[in-house]
Structures are given as structure tokens and as C-alpha cells.
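Here the structure is laid out as C-alpha cells; the discussion comes afterwards.
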Amino acid sequence: MSQTMSQQQLVDELIATYRELNSKVRRLPEARLTLKGADGISVRDVVIRLRDEELRFSQALKERLTGVEMPDFGAGQERPIVGTESSTDSTSAIIAQFGTARESTLTLLRGLTEEEWIHPADGGKPLEGPVRQLVEHDRRQMERIIGLLGAP
């Protein structure tokens, strides 16, 4: 069964976020990306949020589709989401980590039939809602990045 138009549009939006990060952020010097705005947030901070949200979403999607849960390491415990992140990673490395997680998400979503998209096997809610929320999160964060970067 082919993907519905809205499903394809959502996938396209997810792809566009990574392309936009690469074209508008990755090429900039790290000093500019770590410069704090009036609210105390830097472009790097926003990219970290994007990466972390994507890592959580991708993992939750894997768990939902496979039924295999990640081990619980204890609530509130400070630990990397995947295990490869470091506080010293450059913004470029953070974008690469985001891209890896996003590709995993896209691979899982592209593998779904229209029926699976609308009626998940686990009997839960359709996947469209959470994917739309992820797209909206991407939009808000990219708007924030553009605002922090200002005019070129």
C-alpha cells in the first residue's frame, strides 16, 4: 500500500529539518554557534534540544514498533541518551548525531504501510499525531535558531 500524502509530507518535513541544519548551521564557526542570545540560549543549545528530542523519539518509535523496551537506568539519572554524546561535542558533531537518529526515524516510518500508519499493531493511537508533534517541534526550534542567527 502506498503512503498517504500527509504521511509523505510529514516525512519530507523531517528530512527538510536536517537539510536546513546542514545548510544554515553546520558551516558556521563554533564561536558564533555558542554565543548566548538575550535569553541565555545559544544556537548550539537549540541544536542539542533537537538532537535529544530526536534520539528520544527514534527510540520510542523503535520500542513501539518492535515491542522491545530499552532498559531502565533509573529515573532522573544523568546519562547520555544513546551513549555517544559528550558535553564537549562540537555543534557539527551534534548535528551529525541528530542526523543519525533522524535517519533511523525515517527508516522506520518509510517501512510502514498506510494501514500500519493509521492502525498501529499495538492497538495504540495512529502514528500521525506524534510525527506531527515532532515536525512542529522541529519548526519551533528552527525558528529559534534563525532568530538567534539573525541576518547573515
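Just so it is clear, none of the values below were taken in a lab; they were calculated from the coordinates. The structure displayed is predicted, hence computed values, not measured ones. Every residue, glycine as well, gets a Cβ built from its backbone with ideal geometry; the counts of neighbours run over all protein chains shown.
Sequentially through region 34-50, phi angles give Karplus couplings (6.51, -1.76, 1.60; θ = phi - 60°) of 9, 5, 7, x, 4, 8, x, 10, 10, 4, 4, 4, 5, 5, 4, 4, 4 Hz, Gly and Pro residues having no value and appearing as x. In straight-distance terms, cross-link reach from residue 24 covers every one of the lysines whose alpha-carbon lies under 30 Å from its own, apart from those fewer than eight places away in the same chain; here that gives 36, 62.
Could you line up 105, 88, 113 from fewest to most neighbouring Cβ atoms inside 10 Å?
88, 113, 105
For region 96-104, the Karplus equation 6.51 cos²θ - 1.76 cosθ + 1.60, evaluated at θ = phi - 60°, returns couplings of 5, 5, 4, x, 5, 5, 5, 5, 4 Hz by residue, with Gly and Pro reported as x.
Using the number of other C-beta atoms within 10 angstrom as an exposure proxy, rank 11, 46 with the fewest first. Can you show the working numbers first?
Numbers: 11 17, 46 22.
Listed from fewest to most nearby Cβ atoms, that is 11, 46.
Residue order for 34, 91, fewest other beta carbons within 10 angstrom first, comes to 34, 91.
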